[in-house]
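Below is one structure; the comments refer to it alone.
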Amino acid sequence: MTGRGKTYEQLRLDHQLCFRLYTASRLVTQAYEPYFRPLGITYTQYLVLLVLWEEDRLPVNDIGKRLYLGINTISPLIRRMERLGLVGRHDSDVDKRQQIVFLTDKGKAMKRKAAAIPSCMIGKFRDHGVDTDKLLGIVPVLDDFIAGMSKAGKTPDIDSQG
């Protein structure tokens, strides 16, 4: 196929890497849902907790950077978690413009409740016929992809592509 036909062939859904990444992400998030429901948290809140369980008392911006989330996304998320009693915030002693997020007792206790989730997810993947060794084998590829794309900056305008 030449010319326009080849250009339009690229627009087929089954030729889109983005669709596979989006679908995989959505399916994984759905698979986590039954474990989060009893805890009363969302997937994104779980990610914030994972960051804070590794290192408590972090600036909001640092949490956002770690999760590749902008301030307009991370701030309301932290506020909702604060209302749930999982985290608290206070001004930084060093820089009053920074808010420091810390785990409450409830947030710390959630770690114990969530400890089995990763192994449950591996079991769920296996139950659905997923080769978990292959799946874990793509982690370095995804890490490289994330690192590269996060440095990419602004995407060029589609009209400039010719």
Item checked: Residue-span extension gain [residue 143 to residue 69] - 0.36 nm each, minus C-alpha spacing -> 25.0 nm
Next item on the list: Set the Förster distance to 25 Å, then compute FRET efficiency between residue 119 and residue 62 from the Cβ-Cβ distance, nearest 0.05.
Entry: 0.35
Note to self: Rounded to the nearest 20 debye, what is the charge dipole size of the range 31-91 about its Cα centre when +1 sits on each Lys and Arg Cβ and -1 on each Asp and Glu Cβ?
What the structure shows: 200 debye
Check: Which helices, counted as full DSSP H runs in the chain, have an axial Cα extent of no less than 20 Å and a Kyte-Doolittle average of 1.0 or above?
Finding: none
Note to self: With a 1.4 Å probe and all protein chains left in place, how much of the accessible area of the range 1-54 comes from carbon and sulfur atoms, in whole percent?
What the structure shows: 59 percent
Notebook entry, point to check: Roughly how many nanometres apart are two label points built 7 Å out from the Cα toward the Cβ at residue 135 and residue 21?
Noted result: 2.0 nm
Notebook entry, point to check: In square angstrom, what is the accessible area per residue of the range 4-112 with a 1.4 angstrom probe?
Noted result: 66 Å²
Notebook entry, point to check: Along the principal axes of its C-alpha atoms, what lengths does the chain span, in descending order and rounded to whole Å?
Noted result: 63, 44, 25
Notebook entry, point to check: Using 0.36 nm per residue, how much length does the chain from residue 28 to residue 50 gain when fully extended, once their Cα-Cα distance is taken away?
Noted result: 6.3 nm
Next item on the list: With runs of 4+ DSSP H residues as the only contributors, calculate the mean residue ellipticity of the chain at 222 nm using -39,500 (n - 2.57) per run, divided by the residue total and rounded to the nearest 500.
Entry: -18500 deg cm²/dmol
Checklist line | residue 97-residue 12 FRET efficiency (beta carbon distance; Förster radius 45 Å; 0.05 resolution) | finding: 0.40
Check: For the chain, how many pairs of lysine residues have a Cα-Cα distance under 30 Å, where the two are 8 or more positions apart or belong to different chains?
Finding: 22
Item checked: Candidates 128, 90, 15, ranked by Gaussian network fluctuation over the chain, Cα under 10 Å, top entry -> 15
Check: What is the extension gain from residue 80 to residue 39, computed as 0.36 nm multiplied by their sequence separation minus the C-alpha to C-alpha distance, in nm to one decimal?
Finding: 13.3 nm
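The values are calculated or read from the model by the stated rules, or taken from the named source; none is laboratory data. What you see is a predicted model, and the numbers here were worked out from it, not measured in a lab. Don't worry about glycine lacking a Cβ; one is built from the backbone with ideal geometry, like all the others, and counts go over all protein chains shown. What goes into the accessible areas is simple: the full protein's heavy atoms, side chains included, and nothing from ligands, DNA or RNA. Shrake-Rupley method; radii C 1.70, N 1.55, O 1.52, S 1.80 Å.
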